[in-house]
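In what follows, a single structure is set out as structure tokens and then discussed.
The values are calculated or read from the model by the stated rules, or taken from the named source; none is laboratory data. This one's a predicted model, so the numbers in the text were calculated from it and none came from an experiment. FYI the Cβ positions are ideal-geometry reconstructions off the backbone, even for glycines, and counts take in every protein chain you see.
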Amino acid sequence: MLKLLSAQERQQLLQVLAERYRDESSDAMLAEQAAEGLPYPHLRQTLQRIAERERQHAQWLGEKIRALGGTPPPSPTLPDQATWQELLAAYESEKADKVAYLENTLPDEELEALFHRIAQEEQQNVEELRQVLTRVDPYGLGA
């Protein structure tokens, strides 16, 4: 189905995939940075799981970008240490990400299934981030 896309449709799809790729890469880096600053092993592990899922999402999206003849965008740069506000922003972003994945209409069943799977995992990230945020001292994480 992807082979039947016009050049314009292919470019639009590449833009959507690149945007999602950048977001997933950024979310993975933020979760990793926040995990490094936590003194609580169980919360650190939770954030590391989230980071791993986000890295996997970026990898899948990167593969789709390459399959369409594109190049995944460079990973964004983030501050050296994640703050509580950035974690809260990541929580809000994860909620929006889930909706964004479900709202996209895609020209390919395989890509549609991938976006659905990522949306489900984004919901898991939302739940786990909520647990972390309710247990972390905002002033202890560089509020």
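Structure notes:
- The lone criterion from (1) free of Cβ contacts under 8 Å to residues at least 12 places away in the same chain; (2) within 18 Å of Ala119 (Cβ to Cβ); (3) of a type in the set (Ser, Thr, Tyr) left unmet by Thr77 is number (2).
- Among the residues examined, Thr105 qualifies as exposed (fewer than 13 other Cβ atoms within 10 Å of the Cβ), among the hydroxyl-bearing types (Ser, Thr, Tyr) and outside any helix (DSSP H, G or I).
- Residue match in region 81-89 (condition: under 17 Å from Glu19 (Cα atoms) and either surrounded by 19 or more Cβ atoms within 10 Å (Cβ to Cβ) or modelled with pLDDT under 90 (or both)): no
Here's the yes/no breakdown for (1) in contact with an Asp or Glu (Cβ under 7 Å, 6 or more places away or on another chain); (2) modelled with pLDDT under 90; (3) under 21 Å from Gln123 (Cα atoms):
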residue: Glu36; (1), (2), (3): no, yes, no
residue: Leu47; (1), (2), (3): no, no, yes
residue: Glu52; (1), (2), (3): no, no, yes
residue: Gln56; (1), (2), (3): no, no, yes
residue: Leu61; (1), (2), (3): yes, no, yes
residue: Ala67; (1), (2), (3): no, no, no
residue: Pro73; (1), (2), (3): no, no, no
residue: Asp97; (1), (2), (3): yes, yes, yes
residue: Leu111; (1), (2), (3): no, no, yes
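- Test: residue in region 1-8 that is surrounded by fewer than 19 Cβ atoms within 10 Å (Cβ to Cβ) and under 16 Å from the mean Cα position of the chain (by Cα): no
- Glu24 vs. criteria free of Cβ contacts under 8 Å to residues at least 24 places away in the same chain, closer than 30 Å to Pro107 by Cβ, part of a helix (DSSP H, G or I) and among the charged types (D, E, K, R): no
- For Gly37, the conditions (1) in contact with a helix residue (DSSP H, G or I) (Cβ under 6 Å, 6 or more places away or on another chain); (2) closer than 27 Å to Ala89 by Cβ are fulfilled apart from (1).
- Flag set for Glu9, criterion: more than 22 Å from Glu121 (Cα to Cα), of a type in the set (D, E, K, R), assigned to a helix (DSSP H, G or I) and touching a residue at least 24 places away in the same chain (Cβ under 8 Å).
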